[in-house]
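Only the coordinates and a few stated rules stand behind these numbers; no lab work does. Quantities reported herein were computed from a predicted structural model and do not represent experimental measurements. Ideal geometry is used to build each Cβ from the backbone, glycine not excepted, and the neighbour counts take in all protein chains shown.
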């Protein structure tokens, strides 16, 4: 979906009302993923931080939308400059685009493509917010979003999807965002965590999800929106590739949920709702880059592998001591890496392109290309995100005061509470006394909930995936 693609000289591309209508629907589905992510994350935090968690996602809808119109679309999908960045004057302010002007090589208008890609740009920084729950200034977070999408997301989107982008030209397959969205956001989350530090009480106080029904609602809406995220990334379905991407999305997500639950049962003895939601999100993340290049059987394998590995990975924060509040690193970074690399094994060569993985006779060539994409995006996002977070911290301080963190970010940043308990106010004072003490017999919750040891968190929090654009269609000469 990213770049304009080569078409045969004899072909005359005309606007397709069917594909245009389909893409408008897909765009709306991807937009819903950001509020869905807000619910998913919001349910996993404590009562005193619910509204702040919701707002950390919602603010991206406003900020990134304006930046995308002003210069983001031009940087990501404008004319290539040095294989590193794009720029087209007519895309600045989206002011020089004709009403029915088509995206190069496709049957949908540039405006539709720009709107679809905008939703990916909105979702990606929102994914990062889950790692920073309970402890950052809202104004500092808003500034970080502005800097991050400008310096990290827009350039990386060009590398991966833009015509002339160096990873695109290398042949790295990323149908809808394994590198540009999930690895990008997961690595960024880790970089910012190193600057912001741990929550007060990390690994000591119980920090259980306050509303698992909200988590399940958010996960369900993410699953629903992801069909637009993945299937829409082909910018139409004249050749059936979008249909394959749609089916693979469902298959891998279901398989990942089962894989996570199986690991959880063996490791912790229970099937948890948080584990089911987290496993589903892990599957969505992993299949995102691969949905246009593998078969449904390959999707099952990718889903199970991602579900198990992500369930294992959420415990790493306790071993290494970094406080990834809602497991953005464990689900999005690890899931994105798994899905991107497994293309090198399971690509059939019969869907999106003729590139084949190791299990289909393609040798190690595609795996090598995928590895380059994974490592380069991960390192770039990690390092630059750390630097940007450090700049924000030096300029205005990234973290709230200790008193504000203990009382609750909702009151400090938004002067509101999520729930009114008989007029007493939503309860920052209730939260700490109501939470069971470690060892009380309750099963430690995941993501935001830390009991004693990471492994004991059977349902670790999963992340919502963000989506991304699809790949350019391959046209046989």
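The angle separating the long axis of helix 365-396 from the principal Cα axis of greatest extent in the chain is about 50 degrees.
Taking packing as the residue-averaged number of other Cβ atoms within 10 angstrom, the listed peptides 32-40, 237-245 run from highest to lowest as 32-40, 237-245.
Angle, helix 110-128 long axis vs. longest principal axis of the chain, Cα atoms, 0 to 90°, nearest 10? Helix 110-128 sits roughly 30 degrees off the main axis of the chain.
Packing-based ranking of 309-320, 288-299, 46-57 yields 288-299, 46-57, 309-320, ordered from highest to lowest mean Cβ neighbour count within 10 Å.
Mean separation of Cα pairs under 8 Å and 6 or more residues apart, divided by the residue count, gives the chain a relative contact order of 26 percent. What the Cβ-Cβ distance of residue 14 and residue 372 gives, at R0 = 35 Å and to the nearest 0.05, is a FRET efficiency of 0.40. Between 0 and 90 degrees, the angle of helix 17-44 with respect to the longest Cα principal axis of the chain falls at about 20 degrees. Distance from the Cα centroid of segment 185-202 to that of segment 25-87 is 19 Å (rounded to whole angstrom). Its Kirkwood hydrodynamic radius, worked out from the mean inverse distance over all distinct Cα pairs, puts the chain at 21.8 Å. Of the peptides 175-183, 72-80, 13-21, 274-282, the ranking by mean beta-carbon count within 10 Å, highest at the top, reads 175-183, 274-282, 72-80, 13-21.
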